[in-house]
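Take a look at the structure set out below.
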């Protein structure tokens, strides 16, 4: 049973919400309302990687697991936050930055990487200039068999995105991108929940991501 | 912390998945793939009330709470399943049918109403002929201040839908519609999770709905 404080780590979905330049644009459109058909109802057009979302291995592998096939227990995990708010724009996050959290990883916890970059979501550089996961760090996460990595950046690495995604997703390290509000989480362990929509045979899903603090 | 068995109560989202006749049609379309842009990515067009979904009070009240404003603790609740699989097509579900479960309601549990109607999801009568919540039952739920009602029918009542929705949503009884697979839940209490996407200012959201059984 869950009963602790819930912290919402999810970016809002709204008409023309920011997206990666080549991604489908977000549209939130009224389909009908109380005066036309007797109820308010909405048509949503959205990328599977809009805002706060999870990646499935199929995102980077034709034979990778699709989002509907991943065991749901993978999206309800014990986690801890890594404070990397000292990282500058376009700065690499290295293994050395995470050594302080190695003991949490070694006991099986997932990791949310807090850079504070989500505060730039409405700015042009949000998608191009974030701190980023280095290739050595992705390999380290894979070698450590981390279950899930969450980030408050829109993409783990904007230059080496193929190798980073393949290293993580190809080694069963699940990725949650576009988280927000991690400053509300303290240093203690918590339960992280980010359940994807059950989209048949595809590559990812927007999610409602939350931290449930222990009582 | 959550650690029990997870039962997935969610209908699949796929291209041309069934919808209510007047609702936006569901489209799941490849936007790019590994050969075109180097990754698989999807554009999803979906009603806020597609398949397994939650209703916000704004669905039936212009001044009702919108889906992004509802306290998230409302979507992580202790619940029990009510077995109503004996109900026939187009048959009303009355207060008398639920009296067996009144003691659960009185101690604050939410209720998932299992009719088995989800097995007809691919048939034409799915949207027109389901067993339905009677007006007297909706009023009883409201008077009992039930936190959340989940159902495996697409709409709680296809004739009196306005009064039913207004009675429930207007009295802070949240509604989850289009659940599936309730036969996998036994008689014991469980934790029900159905977190909506954070869609700004709108009326509902598709969800991944699950039951987490106690260990």
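No lab work stands behind these numbers, since they all come straight from the coordinates. As the structure is a prediction and not an experimental result, all values here were calculated from the model. Ideal geometry is used to build each Cβ from the backbone, glycine not excepted, and the neighbour counts take in all protein chains shown.
Computed values, structure above
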quantity: FRET efficiency for residue A:122 and residue B:71, using Cβ-Cβ distance with R0 set to 22 Å, rounded to 0.05; calculated: 0.30
quantity: Rounded Å value of the spacing that divides the Cα centres of the stretch B:166-215 and the stretch B:70-111; calculated: 12 Å
quantity: DSSP bridge pairs, the protein assembly as shown: antiparallel proportion in percent, nearest 5; calculated: 65 percent
quantity: Virtual spin-label span in nm between residue A:20 and residue B:163, 7 Å along Cα→Cβ; calculated: 5.2 nm
quantity: Most mobile of A:17, A:96, A:79 in a GNM of chain A (Cα contacts under 10 Å); calculated: A:96
quantity: For peptides A:186-192, B:39-45, sequence by mean Cβ density within 10 Å, most packed first; calculated: B:39-45, A:186-192
quantity: Hydrodynamic radius by Kirkwood, which averages 1/r over all alpha carbon pairs of the stretch A:48-156, in angstrom; calculated: 14.9 Å
quantity: Residues in the stretch A:60-91 that a label on residue A:107 would reach, taking backbone N under 18 Å of a point 7 Å out along Cα→Cβ; calculated: A:77-83
quantity: Number of partner chain Cβ atoms within 10 Å, mean per residue of A:202-214; calculated: 5
quantity: CD proxy at 222 nm, helix term only [per DSSP H run n ≥ 4: -39500 (n - 2.57); per residue of chain B; nearest 500]; calculated: -3000 deg cm²/dmol
quantity: Label distances, nm, residue A:158 versus same residue in remaining copies, Cβ-directed 7 Å point; calculated: 5.1
quantity: Against the rule of thumb 2.2 N^0.38 Å, how large the Cα Rg of the protein assembly as shown comes out; calculated: 0.97
quantity: Chain B: relative contact order as a whole-number percent, Cα under 8 Å and 6+ apart; calculated: 32 percent
quantity: Using a Förster distance of 22 Å, the FRET efficiency for residue B:215-residue A:189 (Cβ separation, nearest 0.05); calculated: 0.70
quantity: Shielding by other protein chains, B:9-20, mean Cβ within 10 Å; calculated: 3
quantity: The stretch A:104-165, relative contact order in percent, only Cα pairs under 8 angstrom and at least six apart counted; calculated: 46 percent
quantity: The stretch B:30-142, relative contact order in percent, only Cα pairs under 8 angstrom and at least six apart counted; calculated: 22 percent
